[in-house]
Amino acid sequence: MARIIAISNRKGGTGKTTTSVNLSAALAHNGARVLLIDADPQGHSTISLGIAANKNRPDLTSLLVEKKKPEEIMIKTYLDNLKIIPAGGRLLNYERNYAHEKKTWTLLAEQLRSLNGNFEYIILDTPPTLSLMMVSSLIASTEVIIPMQTHFLSLEALAEMVSLVSKIKRLYNPQLKIKGIVPTFYKERARLSRSVIEQISKNLGPHIILHPVRVNISLAEAPSFGKTIFQYNMKSNGAYDYLAIAREIEG
Ligand SMILES: Nc1ncnc2c1ncn2[C@@H]1O[C@H](COP(=O)(O)OP(=O)(O)O)[C@@H](O)[C@H]1O
Ligand SMILES: [Mg+2]
């Protein structure tokens, strides 16, 4: 059985895409068979892996609407054992047209079931809005990882996310659990970072906090070259931090 991990937060710019791309790559570098699914219509994970936006290319919409098999639409990357199902502009139309039809919410889960066994990890990069792709991703997943900035104001979005996960768990997906929170844009010496983390540990338990990702310019630069952090700067703090998170996930 594949572990299906949604990278989610109901807030933009928290490091969801950076975490989706580089955690997927870190797990693949460690030898696992990984499928990254770009479930955000913005397509940032797709672009980050150097795959140009192309309206005619099959994407996640082909899986959901045209009922193509995942194998037919996944794209190869620089690693043999890392594949991606890309997103494109069509996904936005899909969200607009189908969000109100409840039966579409479970389509992604059903389609991914056929893949179980081919991959050890399926990572879903999700949009920040409470949308069809966010809900479909949580219904399809076994786990959720929440990247969040360690700011006081991020706590509200975290609380919303925790309550959304428990609602999805109760109504649709009993096995869903929060695997952990990744503190992003982390500044080791900042007292605020530490006190926010302490507060989360107190509320949700100390094991909920995963290895933090430090502020690192290479992480911000790599996507513009269509590269993961491991292709762009293997010696960076960013590469180190994402490998550390991969070890925690595998452990
Ligand atoms: N640890 C980090 N250090 C520096 N820049 C980062 C880091 N993580 C993400 N970024 C940059 O911050 C921006 C937002 O990150 P992104 O992963 O796209 O967030 P989201 O997907 O949650 O909107 C991007 O430009 C990204 O390259
Ligand atoms: Mg994103």
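Coordinate-derived values only; no laboratory data. Worth saying up front: this structure is predicted, and the values here are computed from it rather than measured. Don't worry about glycine lacking a Cβ; one is built from the backbone with ideal geometry, like all the others, and counts go over all protein chains shown.
Annotations
- Tally, over the stretch 99-127, of residues that are in a strand (DSSP E or B), within 12 Å of Ala140 (Cβ to Cβ) and of a type outside the set (A, V, I, L, M): 1
- The stretch 216-235, subset more than 10 Å from ligand 1 (Cβ to nearest atom) and outside any helix (DSSP H, G or I), residue surrounded by the fewest Cβ atoms within 10 Å (Cβ to Cβ): Lys235
- Tabulated pairs, the stretch 1-30, first away from ligand 2 (no atom under 16 Å from the Cβ), second acidic (Asp, Glu), C-beta under 9 angstrom, 6+ apart or interchain: Ala2/Glu120; Arg3/Glu120; Arg3/Glu143; Ile4/Glu143; Leu27/Glu120; Leu27/Glu250; Ala28/Asp80; Asn30/Glu250
- Cross-chain or 6+ apart pairs with Cβ under 9 Å, the stretch 46-63 first and of a type in the set (Lys, Arg), then surrounded by 14 or more Cβ atoms within 10 Å (Cβ to Cβ) and part of a helix (DSSP H, G or I): Lys55/Arg90; Arg57/Ile73
- 1 or more residues acidic (Asp, Glu) and away from ligand 1 (no atom under 11 Å from the Cβ): qualifying helices (runs of 4 or more DSSP H) within the stretch 1-94: 70-73
- Filtered residues of the stretch 122-161 (kept if touching a helix residue (DSSP H, G or I) at 6+ places or on another chain (Cβ under 6 Å) and within 11 Å of ligand 1 (Cβ to nearest atom)): Asp125, Thr126, Pro127, Ile146, Pro147, Met148
- Ile245 vs. criteria in contact (Cβ under 8 Å) with a residue 60 or more places away in the chain and either away from ligand 2 (no atom under 16 Å from the Cβ) or among the basic types (Lys, Arg) (or both): yes
- Thr106 satisfies every condition listed in (1) under 19 Å from Ile208 (Cα atoms); (2) in contact (Cβ under 8 Å) with a residue 60 or more places away in the chain except (1).
- Pairs are defined by a Cβ separation below 6 Å, a sequence spacing of at least 6 or placement on different chains, a first member in the stretch 125-146 that is closer than 21 Å to Ile209 by Cβ, and a second member that is polar (S, T, N, Q) and outside any helix (DSSP H, G or I); the pairs so defined are Thr126/Ser8; Thr142/Gln175; Val144/Ser8; Ile146/Asn9.
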